[in-house]
Amino acid sequence: MVPRPILSAGGLFPVRLRSPEVMGTPLADTYLSSVTCQYVRALLELAMEDRFSDLDGWVFAASCDHLRRLADNLLHVAPPNFLHVLDVPHRVGEEAITWLADELRNLCVKMEHQFGVDLSDEALTKAIWRENEVLSRLERIGRLRRDDPPALFGTDFHRLLAAWQVTPPAWFANTLGSLENALDSSTDRPPARARLMVCGSQIDQPRWIEVVESVGTVIVADRFCFGSIPGLEPWPVGVDPIRSMAEWLLVGSACPRMMERFDSRLERIQQVVREYRVDGVVVQSLKFCDLWGIELAALTRALRELGIPVLRLEREYGGGGEGQLRTRVQAFLESMGR
């Protein structure tokens, strides 16, 4: 819900934070408790260890209560030089779009004052075009997974997505161009046991995808908070770039925080299942993730009623549990007759 074009305009460099190497959060548990989302606890743990000292600022969206608590505690235990929280509506409508546009304008004013950068409409439009160049190349590479057999594994593609979140856009666009030219959709790879789609909360560890694929599957499509659907859809280019971004964030978002949008999210998953010839859907949520925990209960039931095989998982944010994950996926394949 934080627009990358704003964070990459005027020479700024956006970094989406991740901490898959954290195996324990004893310090963060003191402030956030052990029943809070492991992702936010991992970030607070690294912040308290001064591992984010190179960052010049933090920008949050009030997507859930856990992220809001992370922002509050960060100000208390490891205050950054700049911290801003976007107040994002939970519904789509004219009033909501206007509200979010005002929020984004306020963010731009504060960032211009803090960092001395140009975040004018012209600068934002240039940033949108630059971001869309990267998105279009990533989207074309991701669509190679529709082939049978796919031209690349889901693990490889999600390594690209993880790199995209921590790499300057201009440099990454050039790298993707070289990679796109090198990829060939023709391959002698044997057919996979099953073509799977993964839905749910944030996965920023390609290793998790690799374990799922280690039993002969291929992740050909994804719909989670760090994934490609709808994350690789281009930003609209309009006369008012801030309002265009606000509308895209609210209307185009597939996040379960958006109320009264479940049917559209379910319909999009059905569309992807057909387009990518998906054999089964893995729905997963981070432990203690309230938003996705509730969403997946309804999503699992709806998909099964449509005759789509579903495997539901709850997982830890850090490493571990690979053997159990592999066993669950193998059992899922056997239940599908594969």
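In this structure the amide hydrogen of Leu86, modeled in the peptide plane, comes within under 5 Å of the amide hydrogens of Phe60, Ala61, Ala62, none closer than 5 places in sequence on its chain. The C-alpha atoms of the chain define a longest principal axis, and helix 290-305 lies at about 30 degrees to it. In sequence order, the range 108-121 has phi-based couplings of 4, 4, 5, 6, 4, 5, 6, 10, x, 10, 9, 10, 5, 4 Hz under the Karplus curve 6.51 cos²θ - 1.76 cosθ + 1.60, θ = phi - 60°, and Gly or Pro positions carry x.
Counting other Cβ atoms within 10 Å, which trypsin sites (Lys or Arg not before Pro) in the range 1-108 have at most 12 and lie in a DSSP loop? List each step's numbers first, then the result.
Numbers: sites: Arg16, Arg18, Arg41, Arg51, Arg68, Arg69, Arg91, Arg105; in loops: Arg16, Arg18, Arg51, Arg91.
Loop-located and lightly packed - Arg91.
Amide hydrogen proximity for Leu313: with H placed 1.01 Å from N in the peptide plane, the residues at 5 or more positions away or on another chain lying under 5 Å are Val283, Gln284, Ser285.
Remark: the range 1-150 carries a charge dipole of roughly 440 debye about the Cα centre, counting +1 on each Lys and Arg Cβ and -1 on each Asp and Glu Cβ. Averaging the Cα positions of each part gives two centres, and for the range 310-328 and the range 82-100 these lie 34 Å apart.
If each DSSP helix of 4+ residues adds -39,500 (n - 2.57) and the sum is divided by the residues in the chain, what number results at 222 nm, nearest 500 deg cm²/dmol? Value at 222 nm, helices only, nearest 500: -16000 deg cm²/dmol.
Rounded, prolate or oblate: which fits the chain, taking a ≥ b ≥ c as square roots of the Cα gyration tensor eigenvalues, rounded meaning a/c under 1.5, else prolate when a/b beats b/c? The shape class here is prolate. When a/c is below 1.5 the answer is rounded, else prolate if a/b is larger than b/c, else oblate, so apply that to the range 11-119 with a ≥ b ≥ c taken from the square roots of the Cα gyration tensor eigenvalues. It is oblate, given that a/c is not under 1.5 and a/b is not larger than b/c. In this structure the amide hydrogen of Asp222, modeled in the peptide plane, comes within under 5 Å of the amide hydrogens of Val198, Ser228, Ile229, none closer than 5 places in sequence on its chain. The alpha carbon gyration tensor of the range 270-338 gives principal lengths a ≥ b ≥ c with a/c of 1.5 or higher and a/b no greater than b/c, which makes the shape oblate. Within the chain, DSSP assigns beta bridges of which about 0% are antiparallel (rounded to the nearest 5). Each of Leu46, His158, Leu83 was placed along the dipole of the chain (beta-carbon charges, centred on the mean Cα), and the one lying farthest toward the positive end is His158.
Taken together, the values in this text are just the output of simple stated rules run on the coordinates, not laboratory data. Worth saying up front: this structure is predicted, and the values here are computed from it rather than measured. Ideal geometry is used to build each Cβ from the backbone, glycine not excepted, and the neighbour counts take in all protein chains shown.
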